[in-house]
Amino acid sequence: MQNIHTYNFQDKRALIRVDFNVPINKETLEITDDTRIRAAAPTIKMILEKGGSVVLMSHMGRPKNGPEDRFSLKNIITHLSKVIGVDVKFGGDCIGKDALAMSENLQPGEVMLLENLRFYKQETAGTEEFAKQLAKHGDVYVNDAFGTAHRAHASTTVVAKFFPNDKLFGLLIEGEIKSVDKVLNSTEKPLTAIVGGAKVSSKITIIERLLSTVDNLIVGGGMAYTFVKAQGGKVGNSLVEDDFLDVATKILREAKEKGVNLYIPVDSVIADAFSNEANIEEVSISEIPDGWMGLDAGTQTKKDCSEIIRNSKVILWNGPMGVFEMENFQSGTKTVAEAIVEATSNGAFSLIGGGDSVAAINKFNLADKVSYVSTGGGAMLEYLEGKELPGIAAIKG
């Protein structure tokens, strides 16, 4: 398999699949979070420094019937040019004669961006002919879109077959794979995973996989109440998946059998409505009265979690401890984030992954104080679960 560090890009066009599916303000069409653009910049700059030119391709949003102005990648050209320090040309389309003429005439050091791939239904359908047209834009294919690596789309998977000897990962995907593998294959102990979020159902596979790897597994967020109810606790109007009570019981049993410290919150900040203005109390998590719901971790839980995290050598965080989007219910999530930062400063390796955890670490301005922040929510989860990602397999195969 080719390697971005040793590949000779001199006078070659690198066709890079990036993930520029960034949030855009509907009225002003301005980017509200450029994390994904900044994450792709190192790969682009490296290839330019090695004497190559770059053709970028990405999707944005979910356009339904062809081109839509608010999903056009022309809206990010100015900002993209600033981030990478090069005036980026715009292809106007992702296939077709004009776009191809532009890419064929690119000179070393130049960059162009193709139009939104999803303006064509053939992209998500994984149509081979569409992938073949895309492949004409490059001499080498670089996949650096980890966020879409779990999709078998034309630009993420099928296009690779047209570059049998010239396909490789970008720095972003390379970093993602190394970081997840560092957690899954770690020999450093203790290894702690914090798995939060709303539902047990969406995290069963990852929890079961982690039980064979971790020393500590902290369960937080809405899913904690399913575990509490499974053990006979009263959870009031808290979010519970009654269909998964048996699953929660099974996970508790397996953790005990494998010697994993499975930590369930012991107290909870509760409210009488799902609102930042609701009445608030703090109670034992197994004694929540009817009409009240748990929305954040309590004082003792925050203290316990902080201690576990601070004493860890490797940390994975996927999912918040409460409804951190509301100021009155963000303390648990913020405490976990700060404990991870402290552990990292003391030499621990920390991986933050999953949309809400990434949003939280960014909200608290702590992203630069942890080891690695993943850009791929669904892709990272599937990789952690042990699934083969089509976009990864296409390069390795």
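Annotations for the structure displayed:
- Failed condition for VAL341, given (1) over 26 Å from ALA271 (Cβ atoms); (2) touching a Leu at 6+ places or on another chain (Cβ under 7 Å); (3) in contact (Cβ under 8 Å) with a residue 60 or more places away in the chain: (3)
- The stretch 1-43 - residue that is under 18 Å from PHE163 (Cβ atoms) and hydrophobic (A, V, I, L, M, F, W, C) and, of those, farthest from the chain's Cα centre (by Cα): PHE9
- Any chance HIS137 is in contact with a strand residue (DSSP E or B) (Cβ under 6 Å, 6 or more places away or on another chain) and within 21 Å of PRO67 (Cα to Cα): yes
- Condition met for TYR263 (surrounded by 15 or more Cβ atoms within 10 Å (Cβ to Cβ), within 19 Å of THR333 (Cβ to Cβ), of a type in the set (Ser, Thr, Tyr) and in contact (Cβ under 8 Å) with a residue 60 or more places away in the chain): no
- Exclusive hit being in the same structural domain as GLY377 (by TED's automatic domain parsing), among the charged types (D, E, K, R), free of Cβ contacts under 8 Å to residues at least 24 places away in the same chain and within 17 Å of TYR225 (Cβ to Cβ), set GLU282, GLU277: GLU282
- Restricting GLY232, GLY197, GLY259 to residues that are at pLDDT below 95 and either within 25 Å of the chain's Cα centre (by Cα) or of a type outside the set (D, E, K, R) (or both) narrows the list to GLY197.
- Leading residue by the ranking (nearest to PHE324 (Cα to Cα)) among those in the stretch 185-197 that are in contact (Cβ under 8 Å) with a residue 24 or more places away in the chain and surrounded by fewer than 18 Cβ atoms within 10 Å (Cβ to Cβ): PRO190
- Among the candidates ILE37, ILE24, ILE44, residue that is out of contact with any strand residue (DSSP E or B) (no Cβ under 7 Å at 6 or more places or on another chain), touching a residue at least 24 places away in the same chain (Cβ under 8 Å) and buried (at least 16 other Cβ atoms within 10 Å of the Cβ): ILE37
- Residue in the stretch 135-149 that is among the hydrophobic types (A, V, I, L, M, F, W, C), farther than 24 Å from GLU287 by Cβ, within 20 Å of the chain's Cα centre (by Cα) and part of a helix (DSSP H, G or I) present: yes
- Evaluating LYS258 against the criteria (1) closer than 22 Å to ILE206 by Cα; (2) in contact (Cβ under 8 Å) with a residue 60 or more places away in the chain; (3) of a type outside the set (Val, Ile, Thr) leaves one unmet condition, (2).
- Only listed residue being among the β-branched types (Val, Ile, Thr) and either surrounded by fewer than 24 Cβ atoms within 10 Å (Cβ to Cβ) or outside the structural domain of THR43 (by TED's automatic domain parsing) (or both), chosen from THR127, THR148, THR156: THR127
- Check on ASN328, at pLDDT 90 or above and more than 22 Å from THR226 (Cα to Cα): yes
- Tally of residues being in contact with a helix residue (DSSP H, G or I) (Cβ under 8 Å, 6 or more places away or on another chain) and assigned to a helix (DSSP H, G or I) across the stretch 340-397: 24
- Among residues of the stretch 200-213, those that are more than 17 Å from the chain's Cα centre (by Cα), in contact (Cβ under 8 Å) with a residue 60 or more places away in the chain and either part of a loop (DSSP other than H, G, I, E, B) or not assigned by TED's automatic domain parsing to the domain that holds GLU307 (or both), counted: 0
- Members of the stretch 96-110 that are surrounded by fewer than 22 Cβ atoms within 10 Å (Cβ to Cβ), aliphatic (A, V, I, L, M) and touching a residue at least 12 places away in the same chain (Cβ under 8 Å): LEU100, MET102, LEU106
Here is a yes/no grid of residues against (1) in a loop (DSSP other than H, G, I, E, B); (2) modelled with pLDDT of 90 or more:
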{"residue": "GLN10", "(1), (2)": "yes, yes"}
{"residue": "THR28", "(1), (2)": "yes, no"}
{"residue": "ARG38", "(1), (2)": "no, yes"}
{"residue": "ILE44", "(1), (2)": "no, yes"}
{"residue": "ARG70", "(1), (2)": "no, no"}
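- Flag for ALA131 being part of a helix (DSSP H, G or I) and within 18 Å of LEU73 (Cα to Cα): no
- Residues of the stretch 59-74 classified as touching a strand residue (DSSP E or B) at 6+ places or on another chain (Cβ under 7 Å) and either within 21 Å of ALA125 (Cβ to Cβ) or crowded, with 20+ Cβ neighbours inside 10 Å (or both), total: 1
- Single residue of the stretch 214-233 satisfying the filter (in contact (Cβ under 8 Å) with a residue 40 or more places away in the chain and touching a Ser or Thr at 6+ places or on another chain (Cβ under 6 Å)) that is nearest to ASP272 (Cα to Cα): TYR225
- Here is the figure for the stretch 271-295: residues that are buried (at least 21 other Cβ atoms within 10 Å of the Cβ), outside any loop (DSSP other than H, G, I, E, B) and touching a Pro at 6+ places or on another chain (Cβ under 9 Å) total 1.
The values are calculated or read from the model by the stated rules, or taken from the named source; none is laboratory data. Not measured: the values here are computed from a predicted model. Positions of Cβ are generated from backbone atoms using ideal geometry, with glycine treated the same way; all protein chains shown enter the neighbour counts.
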